[in-house]
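What follows is one structure encoded as structure tokens, with my remarks underneath.
Read-outs throughout are calculated quantities, based only on the coordinates presented, and are distinct from any laboratory measurement. Predicted model, so just to flag it, every value in this text is computed and none were measured. Note that we place each Cβ from the backbone using ideal geometry, even for glycine, and neighbour counts take in every protein chain shown.
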């Protein structure tokens, strides 16, 4: 398999992993004032352990079209983008993966737009945009992001998830808890 094809598969896996947002239980009172501030742990459920390091489960990606541009170091998936790995499914209308300039073609960032939806068991997050940053292992959901687990719902203007600390930051949060 060519290196750029492997990088495309790796980047989509990163998008799927990136969307594991443990935001349940976050409130305005505990949210930092800026993204640069130290985020607070939510103590809520996490998508993190379900995919991290699982190389035995295949990743299946479908879309209407895929345009890989090696000179620009991009891969663009358009139309009904769906990435499935195990019990996690990620949907978007459009997803563009940007690679670093080095030989290893690490993921710099990924922009996903339109009808973003991540589903695992009874956990779902939806938004209009999602951006994954490879260097600092975080994903930002914007455009009316909503995280749900069962009857519990967290909304805000921005939901940001940090992988290394398994922490979420929600701006202008509203938390509705029924399953306590």
Legend entry - For 118, 66, order by how many other beta-carbon atoms lie within 10 Å, fewest first: 66, 118
Inset, instruction - Compute the length gained on full extension between residue 121 and residue 78: take 0.36 nm times their separation in residues and subtract their Cα-Cα distance, giving the result in nm to one decimal. - result: 12.9 nm
Legend entry - Relative packing of peptides 145-156, 167-178 - highest average C-beta neighbours within 10 Å first: 145-156, 167-178
Legend entry - Sorted peptide list for 77-84, 102-109, 88-95, criterion being average Cβ within 10 angstrom, highest first: 88-95, 77-84, 102-109
Legend entry - Förster radius 22 Å - calculated FRET efficiency between residue 106 and residue 60 (Cβ-Cβ, nearest 0.05): 0.45
Legend entry - Rel. contact order, % - alpha carbon contacts under 8 angstrom, at least six apart, region 84-180: 18 percent
Legend entry - Label-point gap, in nm, between residue 177 and residue 68 - each point 7 angstrom along Cα→Cβ: 4.6 nm
